[in-house]
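All remarks here apply to the structure that follows.
Each value in this text was obtained by applying a stated rule to the coordinates, not by laboratory testing. Every value quoted in this text rests on a predicted model; they were computed, and no experiment measured them. Here the Cβ positions follow ideal geometry from the backbone for every residue, glycine too, while neighbour counts run over all protein chains shown.
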There are 2 protein chains.
Amino acid sequence: MPPTTEEKIKSAARTVFHSKGFAATKTRDIAKEAGINLALLNYYFRSKEKLFQIIMMDSIHSLFQSILPIFFEEETNFFEKIEKFVSLYIEKLKTDPEIPLFILSELQRNPLVILEQVPFKEIFETSVFHKQYESAIEKKELNSISYYHLLMNLAGLTVFPFIGKPIFFQVGNLTSEEFHRLMEERKKWIPIWIKQMLTNELQAS
Amino acid sequence: MPPTTEEKIKSAARTVFHSKGFAATKTRDIAKEAGINLALLNYYFRSKEKLFQIIMMDSIHSLFQSILPIFFEEETNFFEKIEKFVSLYIEKLKTDPEIPLFILSELQRNPLVILEQVPFKEIFETSVFHKQYESAIEKKELNSISYYHLLMNLAGLTVFPFIGKPIFFQVGNLTSEEFHRLMEERKKWIPIWIKQMLTNELQAS
DNA sequence: ATTTGTTTTAATCATTTGTTTAAATCAAAT
DNA sequence: ATTTGATTTAAACAAATGATTAAAACAAAT
């Protein structure tokens, strides 16, 4: 079934917004990318702003919906969750590498009302993952490191290579294939690094 | 000595470009922020684009010039360099947290010609830091992990918390003071984590 | 075939935006 | 005080941009 006009516009809008951001994206860019008449954008979505809100909502969803269930699983243990998260996220970012930078840069420009609808606090504080972490610390199985540090490290190690991709490409003459191979390697490494950070004795500096 | 008109414009441009990016920044925003007549912007800087190039160049410089010497020091060893880098960078980002996101998002929108003027490749491949790393691996003092992974981890752990700040603020009800305290803690932790990652035996998963 | 409601189009509108212009102001030199 | 060159200002311009309109094309129902 061929895509409807509405789908064509949404898809084009996603492409252009993701690559240029809200302000640099012109409605005519989207119309051209979609191969439709400019007026249809307003006909189907009222305004550029409304269309943007929809794309932003979609993007946030597509970035979080896949990983959330992992953190609420009862069957898997703490480190299994980390392994699952890292693999799934890197896989997601290999197909949609621009989403994090898109969300974060729009977030910098104005505090997206949308974000308030994502119950981050509940998610991270009431998750099984969080409970397992606190419990392991209590039992002295893990070093006592702030949950924030854990989240920052997990996100930083996983997401940053994609955000900083253009820099890393400049550093070495990194090709796209080499980059993808590195990201595959990180699926294995990041959980190991996190584990080391949480379980190893702290050496004197 | 009071700032000249030219300085007022540059300073205002830096503020507005950093917070909103090139496309969302209007020349009138800059004029207003600087408290000057709109025409003076073109009088002193020819165009918005030219002014932007100057600010971008400045920003890249301010982000790299301070850290580069560290990587070329002969006196300090490998881990001392890491400690110095992390401390200096976090300190820099505490005062100018928007610069990395500013650079990276503009870089996503179009491949900044400016960046080619930064000799990243030479910097990272000919640095004393790199030589010390390769030599330590050769002597089996460090695990053999790709230099790219090291750079990604170092940058990810150090920079990402600042890029993702709005998200982390939403996750917990993180205050600005708590965030800064966490960043102070990371000055000590990140070098330890990197050391663990490079020196610890790899445990079976 | 005609009617009816929906979708698409080309043209147009009003605002915004980057830049220029010409006159006014200022400050230093004569 | 006058001249001269630099700086600043208000006004205006042209192009770009988001949005609307009115007519045309289309498709489904009668």
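Work out, in µm²/s and without decimals, the Stokes-Einstein translational diffusion coefficient of region A:66-199 at 10 °C, 1.306 mPa s, Rh from Kirkwood over C-alpha pairs.
Taking Rh from Cα pairs, D becomes 98 µm²/s.
Considering only the label points, 7 Å along Cα→Cβ from Cα, what distances in nm to one decimal separate residue A:32 from the same position in each other copy, shortest first?
2.9
Could you grab the Rg to Rh ratio for region A:5-56? Cα atoms only, Kirkwood for Rh.
Rounded to two decimals, Rg/Rh equals 0.89.
By a straight-distance test (C-alpha under 19 Å), which lysines pair with residue A:26 as possible cross-link partners, with residues fewer than eight away in the same chain excluded?
Qualifying lysines at Cα under 19 Å: A:8, A:10, A:48, A:50, B:20, B:26, B:48.
Lysines near residue B:81 by alpha-carbon distance under 25 Å, same-chain residues fewer than 8 away left out - which ones?
Partners found: A:165, A:195, B:92, B:94, B:121, B:131, B:139, B:140, B:187, B:188, B:195.
Rank these for me by crowding, B:189, A:193, going from fewest to most other beta carbons within 10 Å.
B:189, A:193
Each residue of region A:85-102 in turn: what ³J(HN,Hα) in whole Hz from Karplus with 6.51, -1.76, 1.60 and θ = phi - 60°, glycine and Pro shown as x?
4, 4, 4, 5, 5, 5, 4, 4, 6, 5, 8, 10, x, 7, 4, x, 5, 4
When chain A is treated as a GNM, springs tying every alpha-carbon pair under 10 Å, which of A:140, A:20, A:195 comes out with the largest mean-square fluctuation?
A:140
So what is the 222 nm mean residue ellipticity for chain B from helices alone, if each DSSP H run of at least 4 adds -39500 (n - 2.57) and you divide by all residues, rounding to the nearest 500 deg cm²/dmol?
So the helix-based figure for chain B works out to -24000 deg cm²/dmol.
Please arrange A:109, A:28 by counting, for each residue, the other beta carbons lying within 10 Å of its beta carbon, fewest first.
If I rank by nearby Cβ atoms, fewest first, I get A:28, A:109.
Can you list the copy-to-copy distances for residue A:187, using a point 7 angstrom from Cα toward Cβ, in nanometres, shortest first?
When each copy's label point is compared with this one, the spacings are 3.9 nm.
Where the eigenvalues come from the Cα gyration tensor of the protein assembly as shown, what are the semi-axes √(5λ) of the equivalent ellipsoid, largest first, in whole Å?
Each semi-axis is the square root of five times an eigenvalue, giving 36, 29, 20 Å.
What is the Cα centroid distance between region B:49-66 and region A:65-89, reported in whole angstrom?
Between the Cα centre of region B:49-66 and that of region A:65-89, the gap is 40 Å.
Which peptide among A:163-173, B:170-180 comes first, and what is the full order, when sorted by highest mean count of other Cβ atoms within 10 Å?
My ranking of the peptides, most packed first, is A:163-173, B:170-180.
Through the Karplus equation 6.51 cos²θ - 1.76 cosθ + 1.60, θ set to phi - 60°, convert the phi angles of region B:64-70 into ³J(HN,Hα) values in whole Hz; use x for Gly and Pro.
Along region B:64-70, the couplings run 10, 4, 5, 8, 4, x, 3 Hz.
For label points placed 7 Å from Cα toward Cβ, what is the shortest-first list of nm distances from residue A:135 to its copies?
Values, ascending and in nm: 5.0.
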